[in-house]
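The structure under discussion appears below in the form of structure tokens.
The values are calculated or read from the model by the stated rules, or taken from the named source; none is laboratory data. Predicted model, so just to flag it, every value in this text is computed and none were measured. Reconstructed Cβ throughout: ideal geometry from the backbone, glycine too, with neighbour counts over all protein chains shown.
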Amino acid sequence: MTAFTAIDLLWLALLGGWVATDSTSFGQFMVSRPLVAATLAGWVVGAPISGAAIGIVLEAFQLNVLPVGAARYPEAGPAAVVAGAAYPLADGAPGAMLMVIAFALVWESVAGQTVHQLRHFNVRLAATSAIEDLGALERRHLGATAVDFLRGVALVLVGGLLLYGALVLLIPYWGLDEPLTDLLTGGILVALLASSFRLLGSRVPWFVVGLAGGVVFLLATS
């Protein structure tokens, strides 16, 4: 396996902060969608196609998540950055995709817990004292946004190092050959992704058309 460089970690950390704030605090430009975040992370490490491959899977899982109001939900953006950056470093080792996706889904739940804690922090920040002018209100808003950015940075750096360490430690002991690994990975992913289709309803044909177009694009550019 190849390793992250210091420059890679710097850019991934900044991307993680951007993705975290994009979800709610600033912009909402949809950069935090798993497909976009993972592809950008793969591009940072020089393998955007591999990043996009992971992003497509994580995006399908995210279709079940409805971030409405104060509901608790897994946060996919930072986890997608971690997965999209780490998967290309495995150099196509058997079992790497399965490990990366499993870690990303767990890390989404961890990130979701940090969102919950951030909400409590924002309440305390807003209630610290009376807001006497618009300048004070703006400073508190910017402070909350900065904390959200740092949260994304921490999630990507910690998650990236944990996932990279797990791949280094576990892949040499993966006991299944490549064809069996591919079959196992494909079977599990198809079973899990099928649960997402129930939310699409009559839009399933358009989803299939879009998915086919994405596959053709990936094959044409690989």
Condition check for residue 13: over 23 Å from residue 142 (Cα atoms) and either out of contact with any Gly (no Cβ under 8 Å at 6 or more places or on another chain) or not β-branched (Val, Ile, Thr) (or both)
no
Being of a type in the set (Lys, Arg) and modelled with pLDDT of 80 or more is the filter here, so list the residues in segment 121-139 that pass it.
124
If I ask for residues that are buried (at least 24 other Cβ atoms within 10 Å of the Cβ) and either closer than 18 Å to residue 53 by Cβ or at pLDDT below 90 (or both), which ones from segment 70-87 would you list?
76, 77, 79, 80, 81, 82, 83, 84, 85, 86, 87
Go through 25, 109, 50 for me and flag whichever is hydroxyl-bearing (Ser, Thr, Tyr) and crowded, with 23+ Cβ neighbours inside 10 Å.
50
Taking interchain pairs and intrachain pairs at least six residues apart, which have beta carbon atoms under 7 angstrom, with the first residue in segment 17-44 and within 17 Å of residue 111 (Cβ to Cβ) and modelled with pLDDT under 95 and the second among the aromatic types (Phe, Trp, Tyr) and in a loop (DSSP other than H, G, I, E, B)?
22/29
Can you find a residue that is under 30 Å from residue 53 (Cα atoms) and surrounded by 12 or more Cβ atoms within 10 Å (Cβ to Cβ) anywhere in segment 120-137?
no
Residue 62 passes all but one of (1) in contact with a Lys or Arg (Cβ under 8 Å, 6 or more places away or on another chain); (2) among the polar types (S, T, N, Q); (3) modelled with pLDDT of 95 or more; which number fails?
(3)
